[in-house]
Each structure stands twice: as structure tokens, then as C-alpha cells.
Amino acid sequence: MIVDRSYQAVTGRMAQIIENAMGVDYKKYESGSIAFDYEAMMNDTGYSLEDIIRIQRTFNVGNTPIFELRNLTALARKCAGPGKGARIFIKDEAANPAGSFKERRAATSVYHAKKMGYKGVIAATSGNYGAAVASQAAMQGLKCLIVQECYDSHGIGQPEIIEKARKCEALGAEVLQLTVGPELFYETLMMLEDTGYFNASLYSAFGVSGVETLGWELGHQFLEQCGRHPDVVVCANAGGGNLTGTARGLRKAGCPAKVVAASVDLKGLHMASDVQFNKKSFTTAHTGFGVPYATDPDHSDVPRSAARPLRYMDRYVTVKQGEVFYITEALATLEGMEKGPAGNTSLAAAFSLAQEMDEDQIIVAQETEYTGAGKHIQPQLSFARKNGIELLFGDPSEEVPGKNIIFPARPELLKARDSDLAHMRRSLIRRQIRGAAALCDADLDYLAAETNTDRAWVEKTIEDIRREQNEAK
């Protein structure tokens with residue numbers, strides 16, 4: 001039998017390919033016109049929080065330490081007003097075997113794949129998740145294929161992505177490197193179909209539930225070490241799984257901390273543009289993922305994403321590329337800790353937000369990541385300069401992504417900038433109701449949960465959207 005391998009045919013078989021590659025029928029969670037039973041999907045993993053903790057500990061994942069950054073706290077207080085400047089902490093996720101929080105996702109997914117009898121796992125990622133899946137596959141005895149979006153049309157790849165490929169290969173994975181564009185999704189689907197391997201998606205319920213242990217640990221560690229909960233937890237935000245899992249874990253630990261999303265501002269750079277691909281210095285934790293995935297979480301490699309950050313974030317802030325590089329250097333020179341820049345997105349935001357808070361409050365940057373040859377600041381900045389990016393000291397608020405990187409001339413110039421959450425919620429609703437039939441109670445309740453609001457707000461927003469659409473006709 002000849003199988004049609006055209007792009008249209010392969011993507012048209014997506015639902016069946018994913019079901020075969022995960023054993024999950026996503027349609028059973030859908031009802032009404034648009035309703036989706038998210039909690040039922042999460043519960044159907046079959047693993048309790050205690051089960052996931054046990055799985056992760058078996059494979060050396062989790063139970064990572066928290067550290068107070070006393071020198072960065074002192075610097076923040078010098079920049080803040082009297083009585084301001086919260087204590088700044090980090091949770092050192094670089095302590096996981098492959099060097100990032102994503103190993104929490106990988107441990108659960110790989111464990112489930114082996115339990116279900118799959119011979120190998122496949123993950124589409126240019127980030128730390130590839131190394132995490134490779135590490136866990138090696139520990140648990142499965143084959144591993146990593147598909148990377150790596151190069152532009154000239155065959156030039158970013159040093160950070162190339163570094164991650166080397167790490168994946170060192171851990172025993174086979175790595176397929178592709179050019180930027182839609183072929184990543186297409187090639188991944190074909191490989192899943194051809195190999196019969198498990199889809200170790202970043203956005204599956206198995207992966208996101210694995211991050212719940214991070215939030216759960218935070219809640220308990222602060223009670224044990226500080227006698228109280230943190231006031232604010234800042235999560236670097238890209239596809240939303242980091243924030244979603246952490247927030248769910250905080251709730252399960254009884255921790256009332258506010259959850260703040262933080263992304264690097266790459267406004268104006270198109271993530272799928274061949275020309276612009278190498279104009280950015282961050283491959284994750286940036287607005288090119290953070291904004292579209294928040295307002296349209298299901299445009300991922302599974303029919304229904306378990307990463308739904310708008311359900312959980314209390315605030316969404318952005319920082320500039322130069323500010324993240326600056327805080328990465330400050331962490332190394334003031335605290336003696338060298339971590340990768342992408343994981344320090346949350347720390348850059350925390351440094352700024354701490355200055356709004358009282359001295360007796362606590363703010364924690366929820367992740368760090370390993371650093372290495374291509375993930376270090378210097379090769380990344382050298383690569384930026386080669387691609388025509390101007391490197392300057394000054395006011396980072398004047399930074400233009402794709403044109404320059406501006407490091408703060410003074411630490412007080414590092415500022416977290418608020419994004420409009422109400423606008424993002426409206427965008428999600430507008431997208432969801434487009435072309436939908438009459439909405440039932442289940443649909444409205446679903447939208448209220450998706451936007452972390454209530455039925456009255458949803459109904460008013462829908463009314464406003466439809467009035468605006470009628471006026472535009």
C-alpha cells in the first residue's frame with residue numbers, strides 16, 4: 001500500500017498519528033460548540049502527584065535546591081525606594097541531570113512511554129527539552145529521536161541550538177536538524193508514523209503534570225526554610241507549560257503566591273521567518289512563543305495542549321534581551337552562579353519586581369538552566385554581532401529586536417513591563433468563538449476557566465466582540 005506523504009496528506013492524518021503515538025483520544029474531552037474538559041484530561045494521565053514525585057526521584061529528577069540571592073537583593077534595594085526590595089530567591093533547576101526544569105516533563109513522558117510498550121520516544125524541540133528527553137530515554141532504556149528547527153536557508157544555526165544538539169547526541173539521541181519553517185511539524189509527524197515511537201510532546205498532560213512537582217516543592221521548601229510561603233513566583237514563559245505546571249503544583253501545596261509570567265520582548269520578529277530567525281538571541285522564553293501560545297494554546301503538536309497559562313497567570317511582564325544578558329552576568333559576578341541566559345528571564349523580571357515589593361516579602365525566580373559552550377553569553381553576543389545586531393549600553397526600553405541589544409547602563413534601568421492581560425483574554429475568546437455555533441453553558445464555563453475570569457465577564461466580552469464585528473461590516 002502506497003501512503004500519501006505529501007504535506008497536506010500527512011498533516012491531515014495528524015489526529016490519528018497523534019492518537020497512535022500517545023494512546024490518547026482527545027475528542028472525548030470535547031463537548032458543546034467549543035467546550036473542553038481540561039481537568040478530565042489532566043486526571044486521565046493515571047498518575048497522582050505522589051506517583052510523579054516517585055518516578056522523578058527514581059530517575060534523579062527534582063528535589064532541587066532554593067537559594068537566596070543576598071547580593072542581588074541588596075542591589076535591588078539600592079535601586080528601590082525606602083522600605084522596598086523583596087528578598088530574591090532562585091530555584092536551581094540546573095541541578096537536574098540534563099540541566100533544566102524540562103527534565104520533570106521528560107521523566108513522566110518517558111516513563112509512560114516505556115510502561116505502554118513503546119520502543120522509543122520522539123520530541124520536536126530546539127530547546128532544553130531535547131536534552132531532557134535524551135537523558136531520560138538513556139536512563140530508562142528507550143531509543144530517542146530529537147527533531148530540531150536549527151538553521152536558516154544558508155545553513156547557519158544559532159550557537160545555543162547547536163550546543164543543545166551536541167548535548168542530545170552526547171546523551172545517546174539521534175538528532176535531525178531542519179531549517180526554519182513548517183517542515184518541523186511535518187517531519188515529526190512522518191517520523192512518528194514511520195517509527196511507531198511515543199510522542200513525548202512538551203504539551204501533553206504527561207509532560208505538564210511533571211512540572212507540578214516544581215510548584216509543589218517550592219511551596220514546601222519555603223515553609224521549611226523560611227517558615228512562610230513566597231509572595232510572588234516568577235515563571236519564564238514560552239509555550240506555557242512551565243507556568244501551568246508550576247501554578248498547579250503551588251495550588252496543590254496550598255501556596256497562595258501570585259504567579260507572574262515573564263518573557264523576553266521579541267516583538268516584531270516573526271518566529272517562522274528565514275531572514276529573522278537568526279536575528280534573535282533567545283530561542284525560548286520569549287514573546288514569539290509566549291503571546292500566541294497564551295491566546296491560542298492548541299496550535300501545538302497535540303490536538304489539545306495541557307499548557308494553558310492564561311488559566312493561571314496573575315500578571316504577564318516582558319523584559320528586554322539586554323536586560324537578561326545583564327542579569328546573567330550580575331548573577332555570575334555578584335552571586336558566583338553561572339546559569340544560561342534563557343533561564344534567567346524570570347530572574348531579570350524578579351529583580352525589577354522586587355523593587356515594587358516590601359523588604360519583608362519574598363519573590364522567587366522559578367527556574368535556572370545549565371550553561372555551556374554555545375549557551376554562554378559570549379558566543380551568543382558574538383553571533384548577534386555577526387548578524388548585524390548592534391550591541392550598546394544605555395536604556396533597554398529603546399531596544400529594537402532584530403536591530404540592537406541594549407544593556408542597562410545602570411541597574412535601575414532594568415524594568416519589567418506589563419502586558420495587557422485583558423487584551424490577551426479577549427483575543428483568546430475572539431479566536432475561540434470564531435465560527436462557533438450557539439454557545440451553551442458548558443462553553444461559557446470553559447471560556448471563564450480559560451481566561452481565569454467568570455461567566456459575567458465572558459458574556460460581556462462576547463457581546464462586545466460581536467457588536468464590534470457587526471459595526472465593522
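The values are calculated or read from the model by the stated rules, or taken from the named source; none is laboratory data. Everything quoted here is computed from the prediction, not taken from an experiment. Methodologically, a virtual Cβ is constructed for each residue, glycine included, from the backbone with ideal geometry; neighbour enumeration extends over all protein chains shown. Just the protein is used for accessible areas: all its heavy atoms, side chains included, with ligands, DNA and RNA removed. Shrake-Rupley method; radii C 1.70, N 1.55, O 1.52, S 1.80 Å.
When you check LEU214 against the structure, is it within 26 Å of VAL324 (Cβ to Cβ) and at pLDDT 95 or above, yes or no? Answer is yes for this residue. VAL147 fulfils the conditions (1) open to solvent by less than 40 Å² (accessible area, probe 1.4 Å); (2) closer than 26 Å to VAL3 by Cα; (3) part of a helix (DSSP H, G or I) except for a single criterion, (3). The set of residues from region 116-140 being surrounded by fewer than 22 Cβ atoms within 10 Å (Cβ to Cβ) and assigned to a helix (DSSP H, G or I) comprises ALA138, MET139, GLN140.
For the condition open to solvent by 70 Å² or more (accessible area, probe 1.4 Å) and in contact with a helix residue (DSSP H, G or I) (Cβ under 8 Å, 6 or more places away or on another chain), ASP25 does not qualify. Cβ-Cβ contacts under 7 Å between residues 6 or more apart (or on different chains), taken from a first residue in region 241-255 that is farther than 12 Å from GLY210 by Cα to a second residue that is open to solvent by 10 Å² or more (accessible area, probe 1.4 Å) and part of a helix (DSSP H, G or I), are listed as LYS252/LEU49; LYS252/TRP216; ALA253/TRP216; ALA253/HIS220. Among the criteria (1) of a type outside the set (Gly, Ala, Ser); (2) crowded, with 24+ Cβ neighbours inside 10 Å; (3) out of contact with any Leu (no Cβ under 7 Å at 6 or more places or on another chain), the one ARG251 does not fulfil is (2). Of all residues in region 359-392, those that are hydroxyl-bearing (Ser, Thr, Tyr) and either assigned to a helix (DSSP H, G or I) or under 18 Å from LYS403 (Cα atoms) (or both) total 1. Find all pairs meeting these conditions: Cβ atoms under 7 angstrom apart; at least six residues apart or on different chains; first residue within region 43-67 and under 17 Å from THR246 (Cα atoms); second residue open to solvent by 40 Å² or more (accessible area, probe 1.4 Å) and not in a loop (DSSP other than H, G, I, E, B). Filtered contacts from region 43-67: LEU49/TRP216; LEU49/LYS252; ASN63/ARG57; THR64/ALA95; PRO65/ALA95; ILE66/GLN225.
If you check PHE407, PHE393 for being more than 21 Å from ASP314 (Cα to Cα), crowded, with 19+ Cβ neighbours inside 10 Å and at pLDDT 95 or above, only one passes: PHE407. For region 264-286, a residue qualifies if it is open to solvent by 20 Å² or more (accessible area, probe 1.4 Å), in a helix (DSSP H, G or I) and within 29 Å of GLY12 (Cα to Cα), but none of them does.
For the structure I just gave you, tell me whether ALA416 is without any contact (Cβ under 8 Å) to a residue 60 or more places away in the chain, at negative phi and open to solvent by less than 80 Å² (accessible area, probe 1.4 Å). No: the conditions fail for ALA416. I'd like the full set of residues that are part of a strand (DSSP E or B) and either open to solvent by 40 Å² or more (accessible area, probe 1.4 Å) or free of Cβ contacts under 8 Å to residues at least 12 places away in the same chain (or both), limited to region 69-115. Selection gives LYS84, ARG87. No other residue among THR368, THR345 is of a type in the set (Val, Ile, Thr), within 20 Å of the chain's Cα centre (by Cα) and at pLDDT below 95 apart from THR368. The number of residues in region 150-160 that are outside any loop (DSSP other than H, G, I, E, B) and hydroxyl-bearing (Ser, Thr, Tyr) comes to 1. Going through region 7-25 one residue at a time, which ones are among the charged types (D, E, K, R) and either touching a Pro at 6+ places or on another chain (Cβ under 6 Å) or closer than 23 Å to GLY181 by Cα (or both)? Residue satisfying the conditions is ARG13 alone.
Taken residue by residue, region 297-316 has no member that is modelled with pLDDT of 95 or more, of a type in the set (Gly, Ala, Ser), over 24 Å from ASN199 (Cβ atoms) and crowded, with 24+ Cβ neighbours inside 10 Å.
Contact map, region 438-461: residues that are open to solvent by less than 40 Å² (accessible area, probe 1.4 Å) paired with residues that are among the β-branched types (Val, Ile, Thr), Cβ distance under 6 Å, separation 6+ or inter-chain. Pairs shown: ASP443/ILE34; LEU444/VAL458; LEU447/ILE429; LEU447/VAL458; ALA448/VAL458; THR461/ILE429.
Consider ALA94 carefully, then state whether it is of a type in the set (Gly, Ala, Ser) and more than 17 Å from GLU367 (Cα to Cα). So ALA94 does not fit the description; no. Evaluate the following for GLU323: is it in contact (Cβ under 8 Å) with a residue 40 or more places away in the chain and surrounded by fewer than 23 Cβ atoms within 10 Å (Cβ to Cβ)? It is false that GLU323 is in contact (Cβ under 8 Å) with a residue 40 or more places away in the chain and surrounded by fewer than 23 Cβ atoms within 10 Å (Cβ to Cβ). Would you confirm, using the coordinates I've provided, whether ASN63 is open to solvent by 40 Å² or more (accessible area, probe 1.4 Å), under 30 Å from ILE362 (Cα atoms), in a loop (DSSP other than H, G, I, E, B) and out of contact with any Gly (no Cβ under 8 Å at 6 or more places or on another chain)? When the stated conditions are applied, ASN63 passes them.
Checking each residue in region 189-218 for being part of a helix (DSSP H, G or I), open to solvent by 20 Å² or more (accessible area, probe 1.4 Å) and more than 20 Å from LEU178 (Cβ to Cβ) picks out only TRP216.
Being among the hydrophobic types (A, V, I, L, M, F, W, C) and either outside any helix (DSSP H, G or I) or open to solvent by less than 10 Å² (accessible area, probe 1.4 Å) (or both) is a description that does not apply to LEU334. Scan region 287-296 for residues that are open to solvent by less than 30 Å² (accessible area, probe 1.4 Å), of a type outside the set (S, T, N, Q) and in contact with a Leu (Cβ under 8 Å, 6 or more places away or on another chain) and the total you get is 2.
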